[in-house]
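The next block holds one structure in the form of structure tokens; read it before the comments.
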Amino acid sequence: MPHCSESLGLGNATRCAICVGKFGLVRYYSWRTPLCSRNCVDRFRARHKSDRNWVGWLQITFDQPPENRSRTI
């Protein structure tokens with residue numbers, strides 16, 4: 001008979017969100033995401049920061065006047 005967590009589809013909470021590794025004695029969290037090590041925390045934060053930078057570039061592109069946009073295309 002499967003464990004209760006497996007039948008509810010909660011099995012992913014037993015693995016790290018970045019490297020899909022098993023958790024040791026210490027579990028780290030960043031933005032409510034379970035991570036297995038400081039290395040994974042750093043990778044998660046870098047990924048999160050790059051996502052925010054991409055949105056910033058998108059906003060800059062749409063904020064340009066129409067005459068400047070034609071030059072960039």
Legend entry - Pair list, Cβ < 8 Å and 6+ apart or interchain, from segment 30-45 residues that are among the β-branched types (Val, Ile, Thr) to residues that are open to solvent by 30 Å² or more (accessible area, probe 1.4 Å) and part of a helix (DSSP H, G or I): 33/44
Legend entry - Within segment 34-73, considering residues that are open to solvent by less than 80 Å² (accessible area, probe 1.4 Å) and modelled with pLDDT of 90 or more, the one farthest from residue 14 (Cα to Cα): 46
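The values are calculated or read from the model by the stated rules, or taken from the named source; none is laboratory data. As the structure is a computational prediction, the values presented were derived from the model and not from experiment. Cβ atoms come from the backbone with ideal geometry, glycine included; neighbour counts cover every protein chain shown. Side chains included, ligands, DNA and RNA excluded: accessible areas come from the protein's heavy atoms. Shrake-Rupley method; radii C 1.70, N 1.55, O 1.52, S 1.80 Å.
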